[in-house]
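Notes for the one structure printed next.
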Amino acid sequence: MTALDEASTSEGRFTGLMAALAASRLPDPYPRYREIQQLGAFLPADLAGATVTVVTTLAGATAVLAHPAIGHGYRDGVSYRGGADDGLGSLLRADPPDHARLRRLVGKAFTPAVIADLVPELTALVDDLLDAAIDRGEVDAVEALARPLPLRAMCRLLGVPAADEQEFGGWADALTRGLDPPLLLTAAEKSARAHATVAFDEYFRELIAQRRRAPREDLLSRLVARHDDGDVLSERELLELCTLLLVAGYETTVNLISGGILALLAHPDQLAALRADPALVGPAVEEMLRYDPPVQFIARTVLADAEIGGHAFTGGDGVIMMIGAANRDPEAFDQPDRFLADRYAGAGRTPRHLGFGTGIHYCLGAPLARIEAELAFRALLRRVPSFTLAEQAVVYRDQIVIRGVRTLPLSLSA
């Protein structure tokens, strides 16, 4: 049965939304996304009793995400999703003017200079991780490289001791799984999400108190001290921001790196092109974000009636952007299903992908994620003459919103 069969329309409504969401768990969901995309750019549907519009194209998703009538609606109680219970409130779930205030305060502490200060340590960490991986010969690339690099980066930024990193990783995993629609979560997963939320709060509350007493050279100390014309972050805002920065800046980068390795293995000609011209690594990271984005769906609420891209949206309804489909839109990209390392090289006219979103919620940590991925791939290409998939199977995460592999077995040559 094809996605078109599953996604038949009834009285003008798209009835295959659950099939579309579930497709992200497949090793290759993109043929199904294309079939759904062919049904239209804006597809009215139902989700758990709420009316939503599924947006499938790059132009449509870009316009919706940038429109002022589209937001979250939690503050005013109009969100079609009810309350925000995933533990990642504050900046991620805020609408103007609250969002502008929070982003301004965080942005003044999370600067390019702060990120640049991490590069020497992250460079050394990548080399250490590759030393261990090469010595072993066969590794799970997720555990050997893709996971420890961004986890260390975010823990260092926030001043979390190395001894606590693994526990933090477990809590972050539980919150990330909790980003999926509640009706798709088991009781155990909801419980794990709730436990992780409380654990993060308790941990960061103590860490914030320590930084108030004795500031250090870390992002948390800057956030605690951050003020703008007398405006400061409350403790609740600080707690939520710490959790958000750790989860959003960690799990998505894990999947960017592991997904990028898979993309290169599936396109050996592009892997060879990168080895021949390391200057293409930066553009290739952009292509990885387009080709297999870590975030497959972005959900919003219509805050007020609006017409966007020729489609009428009703206040109070939901909107779900199919980022995986939009990033492979044949109306926007040449050869959309091919990974091309030089697609974003030079001053070409390739449209911007939605791997980091767009509009006021464009990913604040995008520069850090780019640097981490570039460091990882430059070192991997320089130090490992050959890497191939090992005999064990690649295992994908049983998640929908965040896409990635759980295990990526590789054989490395020294």
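The values are calculated or read from the model by the stated rules, or taken from the named source; none is laboratory data. Computed from a predicted model, the values in this text were never measured in an experiment. Reconstructed Cβ throughout: ideal geometry from the backbone, glycine too, with neighbour counts over all protein chains shown.
Results, tabulated for the structure shown:
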{"item": "Members of segment 13-48 found to be among the basic types (Lys, Arg), under 29 Å from Val405 (Cα atoms) and surrounded by fewer than 17 Cβ atoms within 10 Å (Cβ to Cβ), listed by number", "result": "Arg25"}
{"item": "Test: Arg75 is touching a helix residue (DSSP H, G or I) at 6+ places or on another chain (Cβ under 8 Å), surrounded by fewer than 20 Cβ atoms within 10 Å (Cβ to Cβ), at pLDDT 95 or above and farther than 22 Å from Thr176 by Cβ", "result": "no"}
{"item": "So Ala325, is it within 28 Å of Cys242 (Cβ to Cβ) and under 19 Å from the mean Cα position of the chain (by Cα)", "result": "no"}
{"item": "Some residue of segment 45-61 being within 30 Å of Arg236 (Cβ to Cβ) and touching a Ser or Thr at 6+ places or on another chain (Cβ under 7 Å)", "result": "no"}
{"item": "Scope segment 176-194; condition at pLDDT below 80 and either acidic (Asp, Glu) or assigned to a helix (DSSP H, G or I) (or both); matching residues", "result": "Thr176, Arg177, Asp180, Pro182, Leu183, Leu184"}
{"item": "Residue selected from segment 231-265 under the condition in contact with a Phe, Trp or Tyr (Cβ under 7 Å, 6 or more places away or on another chain) and not polar (S, T, N, Q), by the criterion farthest from Val142 (Cα to Cα)", "result": "Leu239"}
